[in-house]
Structure formats: C-alpha cells, structure tokens
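**Q** Below is one structure. I have some questions about it.
The values are calculated or read from the model by the stated rules, or taken from the named source; none is laboratory data. No experiment lies behind these values; they were computed from the predicted model shown. In this analysis, Cβ positions are derived from the backbone assuming ideal geometry, glycine residues included, and neighbour counts consider all displayed protein chains.
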Amino acid sequence: MKLGEPSLDQLRIFLAVQEEGSFGGAARRMGRAVSAISYGVQQMEAQLGVTLFAREGSRKPELTEAGRGLLAEARAITEASDALLAKTRSLHAGLESAVSLVLDVMMPGEAIAPVLREFRRMFPTVALRLNIEGLGAVAACLLDGDADLAVAGPVVGDHPALERQAIGEVELVPVAAPDHPLARPGIPPGESREHLQLVLSDRSRLTQGREFSVLSPLTWRLADLGAKHALLKEGIGWGNMPRHAVRDDLAVGRLVELDLPERPGAQYTLSATWRRDARPGPASSWLIDALRAQLALCPA
C-alpha cells in the first residue's frame, strides 16, 4: 500500500480533536465547522491507511492504538512548524513596532511601574498597550489575538497553544475586617462555609465551571480586585487577597489575616506567557527578563 503525506492542517486537526476531547471542541478551537474537522480526520486516515479514532460506541472519540502511536510524531511536526514560523516572523519583523501586554491583576504594582518606566527609555519607538485582567481572561487575551505577551497566573497553565515561563510568585492570604466573626482565634473546621466569601470572578470562558480556593457556598462574585478589597475593609465577607495589596491594611489593623483550618491561602505563580506560534521579539523578551528581576526584589 502506498502511503500519502498528511498535510500540516490535517495534523493540527488530529491534535485538536485529541486535546479537546471531541470534534465539536476542535471545531470551536479552530473556528471551523464540525464537518470540516471530521473530513480532515478522514482524509488523514485515508492518507496513512489507519484509523485514528474509535468513534462507535462512545460519545467521546477515543484514540486507537495507531492514533496513540502517531500522536507524538504529529505533535513534534506541528511544534517544529510553529517554531519555524515564529522564527521567520521575528527575522522579518526585527524590533517590534508595538507590544500589547496583559498582566494578571495579582501582579504587584510596585513591580510594574519601574519596569515600564525603563521600557520607555530602552525602547522609545515601541508603542505599548497595557491591559489588566484576572484568571483565565489573561490567557484569553493571548488566544484571541488581543495581546502579544502576558504575565498570567496558574489557572490555564496547561493550554496547548501557549508557552509559559515562570518569573515569580505572590502570596495569597485569607483576610477580613477585624470585627468579622472569622477573625477570632480558634475557628473550628467548616465554619468558613457559613460566612459570605468574596471571590474574584473570571470574565473568560476558559475556566468556566472551575473554582479557585472557594470554600463557602455563600459567595459574591466580583470582577474587580479593587472592589473586593474595598468590600473586605467594610466588613462585607472574607476572601483571599495578594499579601502585597493588603500589607498596609494588616499593619494598621484595617484587615486581619485569618487563621482558618482549611488554609485557603496559596503561592500564586506568575508566568510570562505567549502564543506558541508568536515567539517574543526583542522588546517583549526584555520585558520578561525585567519583570522577573523586579518581582524578585518585591518584599514577601
């Protein structure tokens, strides 16, 4: 049997179906009709003379033994192509004319300002567009083409279209006003569930249905970290905040750190993130290094 050569597009369709777990999910990710995704898989199967997915008897397409055997090679080919295209674009482009940067709302302002001031001095011809988002909305800006570079939290760290490089972390701590019932010592396990928790909501669909450090069934969802901060100081509920954002409040007693048995606080890893098919140029690479260095200088 003479084998054909599957196209790069067919390989991408194959990987999208496997990664999304369905033909419909692959269609949404690639902006195609489901019929086009199905046709692409069928064409690749015809070219190679194998069946890639077992479609019968299951609502979810499962990789066959042949499909599993070809998965690593298909991924290696598409990643090599992405790297080639990204390298070619950087050779053509040289220094970026503009950089669109989106930062996670947890990023300390004291780390951002010095870097952007120096960026303006180092790259006076590069226009900068800055946006602040939270949770999955940071990665959504990259995936939608609205940003070139992001500093993102850990909530979508496994997305196959994105590359990540850890550059620092911030500490999240549970806090409330000093007269809040949870502010007293000796809180028993489970009591946090009986009180209103203020939760930062995700404006994207990437993490729809997922919860992050949510203990209480009684929640208010807020899209703005500043609003959450203000409500906490007013004694309306309790919630996690980055330590740098409440350091002064804790020092003077406007807020107190809660000693809850569940230990809902955590280290929130910040990563420089970009699309795999659009590697950072010189100005973006400088931003990554400068933000990493500045985060290392921020007080814990």
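**Q** Filter region 213-245 down to the residues that are within 19 Å of GLY190 (Cα to Cα), of a type outside the set (A, V, I, L, M, F, W, C) and free of Cβ contacts under 8 Å to residues at least 24 places away in the same chain and list them by number.
**A** Once the filter is applied, which keeps residues that are within 19 Å of GLY190 (Cα to Cα), of a type outside the set (A, V, I, L, M, F, W, C) and free of Cβ contacts under 8 Å to residues at least 24 places away in the same chain, region 213-245 yields only THR219.
**Q** Could you identify the single residue in LEU130, LEU142, LEU85, LEU95 that is aliphatic (A, V, I, L, M), part of a strand (DSSP E or B) and touching a residue at least 24 places away in the same chain (Cβ under 8 Å)?
**A** Numbers: LEU142 fails: part of a strand (DSSP E or B); LEU85 fails: part of a strand (DSSP E or B); LEU95 fails: part of a strand (DSSP E or B).
Being aliphatic (A, V, I, L, M), part of a strand (DSSP E or B) and touching a residue at least 24 places away in the same chain (Cβ under 8 Å) holds for just one of LEU130, LEU142, LEU85, LEU95, which is LEU130.
**Q** Could you give every pair whose Cβ atoms fall below 8 Å, whose first residue belongs to region 158-172 and is closer than 8 Å to ALA272 by Cα, and whose second residue is at pLDDT 95 or above and in a loop (DSSP other than H, G, I, E, B), counting only separations of at least 6 or pairs across chains?
**A** Matching pairs, first to second residue: none at all.
**Q** Scan region 246-273 for residues that are under 23 Å from PRO154 (Cβ atoms) and without any contact (Cβ under 8 Å) to a residue 60 or more places away in the chain and jot them down.
**A** Listed by number, the residues that qualify are ARG247, ARG263.
**Q** Please give the number of the condition ILE13 fails out of (1) farther than 23 Å from ASP144 by Cα; (2) in a helix (DSSP H, G or I); (3) of a type in the set (A, V, I, L, M).
**A** Among (1) farther than 23 Å from ASP144 by Cα; (2) in a helix (DSSP H, G or I); (3) of a type in the set (A, V, I, L, M), ILE13 violates only (1).
**Q** I would also like to ask the following. Considering only residues that are within 18 Å of SER22 (Cα to Cα), free of Cβ contacts under 8 Å to residues at least 60 places away in the same chain and within 27 Å of the chain's Cα centre (by Cα), which ones fall in region 64-80?
**A** Passing the criteria: only LEU71.
**Q** I would also like to ask the following. Return the total of residues in region 153-176 being closer than 21 Å to ARG292 by Cβ and among the β-branched types (Val, Ile, Thr).
**A** Going through region 153-176 one residue at a time, the tally reaches 4.
**Q** Separate question: Condition (residue is surrounded by fewer than 12 Cβ atoms within 10 Å (Cβ to Cβ) and either within 28 Å of the chain's Cα centre (by Cα) or closer than 27 Å to VAL151 by Cβ (or both)) applied to region 36-59: is it met by at least one residue?
**A** Checked against the condition, which is being surrounded by fewer than 12 Cβ atoms within 10 Å (Cβ to Cβ) and either within 28 Å of the chain's Cα centre (by Cα) or closer than 27 Å to VAL151 by Cβ (or both), region 36-59 yields no hits at all.
**Q** Among the residues of region 279-286, is any at pLDDT below 95, assigned to a strand (DSSP E or B), within 19 Å of CYS141 (Cβ to Cβ) and hydrophobic (A, V, I, L, M, F, W, C)?
**A** No; the residues of region 279-286 include none that is at pLDDT below 95, assigned to a strand (DSSP E or B), within 19 Å of CYS141 (Cβ to Cβ) and hydrophobic (A, V, I, L, M, F, W, C).
**Q** Considering only residues of region 94-125 that are farther than 21 Å from CYS298 by Cα and touching a strand residue (DSSP E or B) at 6+ places or on another chain (Cβ under 6 Å), which is modelled with the lowest pLDDT?
**A** Across region 94-125, the extreme among qualifying residues is ALA98.
**Q** Within region 37-59, can one find any residue that is of a type in the set (Ser, Thr, Tyr), in a loop (DSSP other than H, G, I, E, B) and modelled with pLDDT under 90?
**A** yes
**Q** Being in contact with a Ser or Thr (Cβ under 7 Å, 6 or more places away or on another chain) and either buried (at least 17 other Cβ atoms within 10 Å of the Cβ) or assigned to a loop (DSSP other than H, G, I, E, B) (or both) is the filter; apply it to region 183-195 and report the residue that is modelled with the highest pLDDT.
**A** Step one: filter region 183-195 for residues in contact with a Ser or Thr (Cβ under 7 Å, 6 or more places away or on another chain), giving 192-193, 195.
Going one step further and asking which of them are either buried (at least 17 other Cβ atoms within 10 Å of the Cβ) or assigned to a loop (DSSP other than H, G, I, E, B) (or both), we end up with 192, 195.
Working: SER192: 88, HIS195: 92.
That would be HIS195.
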